[in-house]
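In what follows, a structure is listed as structure tokens, so that the remarks can point back to it.
The values are calculated or read from the model by the stated rules, or taken from the named source; none is laboratory data. Here the structure is a predicted model, which is why all the values come from computation and not from measurement. Every residue, glycine as well, gets a Cβ built from its backbone with ideal geometry; the counts of neighbours run over all protein chains shown. We work out accessible area using only protein heavy atoms, side chains counted, and drop any ligands, DNA or RNA first. Shrake-Rupley method; radii C 1.70, N 1.55, O 1.52, S 1.80 Å.
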Amino acid sequence: GCTKQSACITWSFTARAATTCSPDPGGNPEPCEWLVCATIDFDLPGCGTESGSTWSHSCEQDSTTCQPTDLGFDTTATEISNIGDNTVQCQIGLPGINLQWLFKDGSGCGDSTSTMVDGNTLS
């Protein structure tokens, strides 16, 4: 099932001074923002994808803009096919918001209840 792919992703979290997300929509400066990246690594233990393979799809958010709260995957996301090993997708957001990634591997894969990072809140 799709839950095997969660073992193929490593995460990085970098807190930095707010440049992309500042000022906020009200014109107030923001003190910090987070750069969060998902890196696909088919060689990780427990990864259900063989080296040299690809995942069928991803919906990638813009990595150069500040992600608003609860953006979801609307028309601002870009669909990418044939996601390969060592692919990196990053997003930038303010503390306390939810950033989301969407990966699909193969056809006929139903909804997954897999959580890539359980309980992590950026603060």
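Would you check if Asn86 is at pLDDT 85 or above, open to solvent by 40 Å² or more (accessible area, probe 1.4 Å) and in a strand (DSSP E or B)? Steps first, answer last, please.
Values: at pLDDT 85 or above: yes; open to solvent by 40 Å² or more (accessible area, probe 1.4 Å): yes; in a strand (DSSP E or B): no.
Spelling it out, it is not the case that Asn86 is at pLDDT 85 or above, open to solvent by 40 Å² or more (accessible area, probe 1.4 Å) and in a strand (DSSP E or B).
Here are the criteria: (1) modelled with pLDDT of 85 or more; (2) open to solvent by 40 Å² or more (accessible area, probe 1.4 Å). Tell me which single one Glu30 does not satisfy.
Of everything listed in (1) modelled with pLDDT of 85 or more; (2) open to solvent by 40 Å² or more (accessible area, probe 1.4 Å), Glu30 misses just condition (1).
Of all residues in the range 101-115 being loosely packed, with under 15 Cβ neighbours inside 10 Å and under 25 Å from Ala15 (Cα atoms), which is modelled with the lowest pLDDT?
Thr115
If Gly52 satisfies every condition in (1) at pLDDT 80 or above; (2) open to solvent by 70 Å² or more (accessible area, probe 1.4 Å); (3) at negative phi but one, which is the exception?
(3)
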